[in-house]
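No lab work stands behind these numbers, since they all come straight from the coordinates. It should be emphasised that the depicted structure is a prediction, and the values quoted were computed from it without experimental measurement. Cβ placement follows ideal geometry from the backbone for every residue including glycine, while neighbour counts extend to all protein chains displayed.
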Amino acid sequence: MDPGHNGGNAGAPSIINRLIWNGRESETCDTTGTQTDSGYTEAQFNWNVARYLTADLRAEGATVVLTRTSNTGVGPCVTQRAAIGNVAHANAGVSIHADGGPANGRGFAILEPVDDATNAAVVGPSAILGADLRSAIATGTGEPVSSYDGVNGIQPRNDLAGINLSTIPKVFVECANMRNAADASLVTSPAWQAKAARAIATGLTHFLNGRQGLFPLLRRARTEVGLGDLPGRRSAVAAGQHRRQELRRHCGLERIHLRWRDDRPGQYAERFQNGVRT
Ligand SMILES: [Zn+2]
């Protein structure tokens, strides 16, 4: 879980304005985020939602890894925010934000990755995660989809390190528009923050445990059919073919692609066709 920005960012321009590589282009290490017209900061909103969400998910038995542990620090850089989820091998990642859009627009939007080669395997699963979150947020909060960002609440983005560099299914949630009067009254309300967190937890739970729970399923299947720890690339090709069949059958998937991982000798990474179980 990645609560966007940080409360100390505004006071540390030399750190957060440093340029990093986001997978396609340069962007700054982090930004201050937006705020309501009355000065309630996005960093505070994101942090509050993250605390509620952490409590909700842990109560359901999830292991939660956060990219920051307070709202008084600086950063981390957006590259590090992606890396934390990757290193944790999280089943899903969500970056929590609120937007600073036009005053006459309101609503929430899900920002999803597009294929930039390094994140290709998670574009499909991220779209499924995004759809689950969109549905849960609409139902759980009553907030409309954004009137100005994306189509029906979904906006693909190729300029965000947090999803460009992700190797886990991950999306950003722009919970509301802080520059809109109606949304501003919601984002500053602890009750609504808790409600938004509850809705995000519901969407994540659906993704992880419900019909879309392919990553836990694949992880389990990998153990059960013995995928991984193969002796070497050449001899692994034949074994990989056989294990792909087993894994496909085990998971009830129509198609599954195994790709040799150069970064982890002896292991394959899975990719599944359209993320759809047959
Ligand atoms: Zn933000």
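Between T72 and N158, what length in nm is gained on full extension when 0.36 nm per residue of separation is reduced by their alpha carbon distance? Before the final figure, lay out each step's value.
Working: separation 86, 0.36 × 86 = 30.96 nm, distance 2.90 nm.
Contour length minus Cα-Cα distance gives 28.1 nm.
Give, rounded to the nearest 20 debye, the magnitude of the charge dipole that segment 37-143 has about its Cα centre when Lys and Arg contribute +1 at Cβ and Asp and Glu contribute -1 at Cβ. Don't skip to the end; give the middle numbers.
Values: 6 positive and 10 negative charges, 60 e Å.
Computed charge dipole of segment 37-143: roughly 280 debye.
Roughly how many debye, to the nearest 20, is the charge dipole of segment 2-209 about its Cα centre, given +1 on each Lys and Arg Cβ, -1 on each Asp and Glu Cβ, and no other charges?
Details: 13 positive and 18 negative charges, 81 e Å.
Computed about the Cα centre, the dipole is about 380 debye.
Find the Cα radius of gyration of segment 2-209, compare it with 2.2 N^0.38 Å by division, and give the number to two decimals.
Segment 2-209 yields a ratio of 0.92.
Once each part is reduced to its C-alpha centroid, what is the distance from segment 189-211 to segment 145-171 in angstrom?
18 Å
Based only on the alpha carbon positions, what is the Kirkwood hydrodynamic radius of segment 93-202, in angstrom?
Numbers: mean 1/r = 0.0723 Å⁻¹.
Computed over segment 93-202, the radius equals 13.8 Å.
In nm, to one decimal, how far is the modelled label at N209 from the one at T139, with both set 7 Å along Cα→Cβ?
About 1.4 nm, to one decimal.
Could you pull out which residues in segment 15-36 have an amide N less than 18 Å from a spot 7 Å beyond the Cα of S189, following the Cα-Cβ vector?
36
Report the full-extension gain for the segment A182 to E25: residue separation times 0.36 nm, less the Cα-Cα distance, to one decimal in nm.
Stretched out fully, the A182 to E25 stretch lengthens by 53.0 nm.
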